[in-house]
Amino acid sequence: MMPLLAWSWVFTLPGLLLTALGVPSSRNKAGYASLAGPPLLLLVALAALLNGGSYAVAFDNWLPFLPDGAYRALADPLSALLLAILGFVATLVYFYSLGYMATDPARRRFFVYLDLFVAAMALLVLAGNLAVLLIGWTGVGISSFLLISFWRDRPGTLSAGLQALAANAIGDGALLLAASIVPTGCGALVTLQTPRCTGGPGGAEFLALLLFVAAAAKSAQGPLYFWLPNAMAGPTPISALIHAATMVAAGVYLLVRSHALLALAPEVSLAIAVIGVATALGASVASLYQTNFKKGIAYSTVAQLGYMFAGVGVGAPFAGLFHLFTHASFKALLFLAAGIVIHGAGGRESLSELRGLGRFFPFSRVGFLIGSLALIGTPLVTAGSFSKDAIIDAAIAKQPIIGWLLLAGVILTGLYIGRLFSIVYLAPPVDVHAAHHDAQSERPMNWSLVPLMVGAIAFGWLGSWLQATLAPLLGEIEALPPPIDPRGLLAFALGAVGFGLAWWYFTRRAEAVAMAPGQPVAEGEPTYRAAGWVSVLADAGYAVARSLSRVQSGGLPRYAMGSFIGLALILLLREAIR
Amino acid sequence: MGPLFLPLAVGCAVAIASALGVVVARRPVYAALFLLVHSLSLAALFGILSVAIVAVGQIVIYSGAIVVLFLFVVTLLPSGGRELAAGSGRILAACVAAGVVIVALAAGEAAASLPAPEPAPDAALGVAAVGHALFGSLLVAFELTAPLLLVAIVGAVVIWRRHEPTPRTAAPTRVSEPRRLVIHR
Amino acid sequence: MSSEALVLATSAALFAVGAAGALVHRHPVAMLMAIEIMLNAANLLIVLGARVRGGADAEGAALVVLVLAAAEAVIGLALALALFRRKPVPDVDAAAELRG
């Protein structure tokens, strides 16, 4: 089955052609030809995963100007797992889109773009060397742009798509540089860590750094996070497919694939872990201040990707991969459930307009609840706890500060997802007539949530089987923590506290959408007043800054004189030292 | 003192003299012409040192393009290049800085020992060898010069268009595109 | 003095001349020409290094520096011309505010 899997990226191309050419021709059935691709991908991937083995394709001299210009594809259990995830979520998103885009005139174009994305993502996963990886990488970037800016008549979608392209360009540049500087013949991903292949300029550290930059751009980590919240301008199904489950996971996949190379560059690994945990905490806080429903969930994706990066960075690639696996199902579940409410409210996405409307969509409410519980890591019942506890355990064992920070961050997770759930699904509705039900389009949307709910609950139990299957590829893997253990319970307790706090706060206050400490509650109540010593500190800071700012006078001659004097000093010092 | 010393000495003297001319010249046209002599003298020095392709590059790119560009700008200057006189403080500071730099570099070179140069065979510095270097170990730098030049061109155009004078005619002519990207159906 | 020391001293002197010129002149184009002299001095040093020790790699680097000088001259002249919008006799000292 592996040889078939190695060519599985072509599976959606016939659907792409047929849909683009207008088959089937009736408007209502637009896109039906594309529906066969992802399930086929899922079945082949599952069969390959169960059968095991691996298969490599190599056509030499395909791009002769690169150091490794062969076309290489590699089908092994790791790529089979990723392809199974892709097939699973893509199948459900395709069916969901039949309902979500039922009335959209551009539905045909939508399915064409979706097919393009699935093909490019499959090629990325199956890539055996940097050149083919780069093709898949840019392919998903382009289809992401096309899908984010899908609705051409709405303001802001094009600029959001361009932002995604900008971040993608940075990642593509880093990957292209990596593909160019490896020594000749050395581009295969599985051999990047061999001494022959790290002999290029900069050595293993530079190569690892380039891969890290590429992964960070794709997974919206660190300073390159900005495109993901804005990518919510696209339709909700693609937010679920691309920006939650698969494309943003490509960065994590790349780091897991090259984990042996990262082991050779401990400083880069530490940087990955630090950026991961910083992004996780920062994005969690940012989610609390979002007034747009989808952006709140998008920041959650950024934060969870930070957890995965932290897992890979501390040297536990399987933990990061496992979290990728479970996160795909519950994050897609959250997005698709949100999409049902948004669709029912006529496309409105802001929290103040959606307030309380969730209660009219029972499938969505149950789905979002299950997704939230999985996100905060409810042990036994949901899958999120298995993977998140694995990351936290590995982090505490290897880099304790990072581990405890991740553990503490779970309370923020509970807070932000509890806030979203409470405002949309629990609070009293702002306008009872704002929700429209359309049974025909809702049926596929509702039922496509069910497999995701099952996944969010059950996928955690597959952990040990996955570990056994992937052990030969990922080297030594630490044992997964048992389903119930003290640290896991502590994490869950923190998350539950956050969730409960948000529940209490947002269902009490009728108008509250944002938690904003320090704002006046009502007129007449005293505003927050700072103590005397606070203003003294502030004034001192201002004075220091003002005196230092005089150096920046803007006068060019002064700057030039400064640099020459500096140069002269350096030269003289050099002589003095010698 | 090798056999190249005399030609090198002549070239260096011309280079320094013309550089002084650039700095000291009263009219900017004279300064630009001195710059031309300076760059040609450097091309001569490069030629004496047997780096053929850099010498030709210096003539074609530097003298032929950059200095000519300077000449164009100087001749298009509306004010003829008059400039405000520099105060004595600036001249003093400049001399001090220059003196310090010379002293520091001289001290450094006195202490450094240069390896005895073997007369490099022309093949080692020839065009083919440079080609191998540019497409081999210097590949990244070489490729990056392309976006560098693109950025320079785009930057120059952007800087110029930002400072276009507003048209004073009653009917405004469209001199520039609106800056925001608006897609119309 | 050996040939190499002569060229080194010339390079240092050229750099100092260019530095002095960049500091003294108040006209942007004159300042740019002095900066070009400094660039040439550095390039001369690189070429000397290629001749003595570096070989073709250093020669390639000298070519790249030439391209750099071209790009820098373009942008510098564009900026200098932008200063002419303000006043017909431009003064580098007066352009202390980044505006527009």
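The numbers here are math on the coordinates, done by the rules we state, and not lab data. What you see is a predicted model, and the numbers here were worked out from it, not measured in a lab. Cβ sites come from the backbone with ideal geometry, for glycine too, and all protein chains shown count toward neighbours.
Scanning chain A for GluC sites (Glu not before Pro) in DSSP loops with at most 15 neighbouring Cβ atoms within 10 Å leaves A:1-475 as the longest stretch between them.
If a/c stays under 1.5 just call it rounded; otherwise compare a/b with b/c (prolate if a/b is bigger, oblate if not). Do that for the range B:122-162, with a ≥ b ≥ c from the square roots of the Cα gyration tensor eigenvalues. Taking the square roots of the gyration eigenvalues as a ≥ b ≥ c, the range B:122-162 is prolate.
Taken over the range B:1-85, the ratio of Cα radius of gyration to 2.2 N^0.38 Å equals 1.23. Comparing A:Ala468, C:His27, A:Ala278 along the charge dipole axis of the protein assembly as shown, the residue lying farthest to the positive side is C:His27, per the Cβ-charge model. Starting from the Cα gyration tensor of the range A:266-515, take the square roots of the eigenvalues, sort them a ≥ b ≥ c, and report rounded, prolate or oblate (rounded when a/c is under 1.5, otherwise prolate if a/b is larger than b/c, else oblate). Because a/c hits 1.5 or more and a/b exceeds b/c, the range A:266-515 counts as prolate. When its C-alpha radius of gyration is set against 2.2 N^0.38 Å (N residues), the range A:212-327 gives a value of 0.99.
Listed by Cβ neighbour count within 10 Å, with the fewest neighbours leading, A:Lys295, A:Lys331 appear as A:Lys295, A:Lys331. On full extension, the segment bounded by B:Ser137 and B:Leu71 gains 20.1 nm, given 0.36 nm per residue less the C-alpha separation. Taking the number of Cβ atoms within 10 Å of each Cβ as an exposure proxy, the fewest-first ranking of A:Thr198, A:Thr191 is A:Thr191, A:Thr198.
When all C-alpha to C-alpha distances in the range A:371-428 are sorted into bins of 10 Å, what percent of pairs does each bin hold, rounded to whole numbers? The calculated distribution, bin by bin, is 24, 43, 25, 7, 1. Farthest toward the positive end of the dipole of chain A, out of A:Leu373, A:Phe110, A:Leu501, is the Cα of A:Phe110, where the dipole comes from beta carbon charges about the Cα centre.
Full extension of the segment from A:Ala468 to A:Leu63, taken as 0.36 nm per residue of separation minus the current Cα-Cα distance, would add 142.1 nm.
For the protein assembly as shown, the fraction of C-alpha pairs more than 41 angstrom apart is 50%.
Taking other C-beta atoms within 10 angstrom as a stand-in for reagent exposure, A:Trp137, A:Trp404 fall in the order A:Trp404, A:Trp137, fewest first. Among the listed pairs A:Lys331/A:Lys388; A:Lys295/A:Lys398; A:Lys331/A:Lys398; A:Lys294/A:Lys398, a Cα-Cα separation exceeding 23 Å is found for A:Lys295/A:Lys398; A:Lys331/A:Lys398; A:Lys294/A:Lys398. Can you tally the net charge around A:Ser8? Count Lys and Arg as +1, Asp and Glu as -1, for every other residue whose Cβ sits under 14 Å from the Cβ of A:Ser8. With Lys, Arg at +1 and Asp, Glu at -1, the neighbours total -2. Summed over qualifying helices (DSSP H, 4 residues or more, each -39500 (n - 2.57)) and divided by its residue number, the protein assembly as shown shows a 222 nm mean residue ellipticity of -22000 deg cm²/dmol. For chain A, hydrophobic long helices are taken as DSSP H runs at least 27 Å long by C-alpha position along their axis with mean Kyte-Doolittle hydropathy of 0.0 or more; these are A:77-100, A:107-126, A:157-181, A:266-288, A:293-313, A:317-344, A:400-421, A:439-458, A:486-508, A:556-577.
Classify the range C:3-87 from the C-alpha gyration tensor, please: rounded if a/c falls under 1.5, else prolate or oblate depending on whether a/b exceeds b/c. Oblate is the answer for the range C:3-87, as a/c is 1.5 or above yet b/c matches or exceeds a/b.
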